[in-house]
Amino acid sequence: MIQAPIDNTGASRGSLKSYLTGFVLSLILTAIPFSLVRNGTWSSPAILAGICSAGTVQILVHLYYFLHLDTSSAARWNVLAMIFTLLIMVLFVGGTIWIMSSLHYRMM
């Protein structure tokens, strides 16, 4: 029998260590905004910036550790998917901030 060639696109499966690292980082990045809001020692803009930055880093952690999207892969599609994800992330975050500021302006 002739074996079919294996199509290797450069994507790799993660090990248990990488999944646990991603899980622990996700837990830490989830606890940071809760602790910022609960303590309330910082100003409101600083808390908002902390929440937004922790969320952005958590999205990147999920992309790297769970979806295995990195730039070292030989597949060009992984990089394009990462760029598309960043574009969507900027559109969602920017649109949400725009809508919330417009609502704040109209309610005051």
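The values are calculated or read from the model by the stated rules, or taken from the named source; none is laboratory data. Remember, predicted model here, so these are calculated numbers, not experimental data. Backbone-built Cβ (ideal geometry, glycine too); neighbour counts: all protein chains shown.
Quick notes on this one:
- Tally, over the stretch 90-108, of residues that are exposed (fewer than 14 other Cβ atoms within 10 Å of the Cβ), among the β-branched types (Val, Ile, Thr) and either closer than 26 Å to Phe23 by Cα or at pLDDT below 90 (or both): 1
- Within the stretch 36-70, the set of residues being of a type in the set (D, E, K, R) and either within 18 Å of Thr96 (Cβ to Cβ) or exposed (fewer than 15 other Cβ atoms within 10 Å of the Cβ) (or both) comprises Arg38 only.
- Pair list, Cβ < 8 Å and 6+ apart or interchain, from the stretch 32-58 residues that are outside any helix (DSSP H, G or I) to residues that are of a type outside the set (A, V, I, L, M): Trp42/Gly50
- Within the stretch 16-30, residues that are touching a residue at least 24 places away in the same chain (Cβ under 8 Å) have Cβ atoms under 9 Å from residues that are outside any helix (DSSP H, G or I) in these pairs: Ser18/His68; Gly22/Gly14, counting only partners at least 6 apart in sequence or on another chain.
- Residue in the stretch 71-89 that is hydroxyl-bearing (Ser, Thr, Tyr), surrounded by fewer than 11 Cβ atoms within 10 Å (Cβ to Cβ) and more than 21 Å from Ser18 (Cβ to Cβ) present: no
- Scanning the stretch 15-35 for residues that are under 20 Å from Val93 (Cα atoms) and either surrounded by 15 or more Cβ atoms within 10 Å (Cβ to Cβ) or in contact with a Cys (Cβ under 8 Å, 6 or more places away or on another chain) (or both) returns Ser26, Leu29, Ile32, Pro33.
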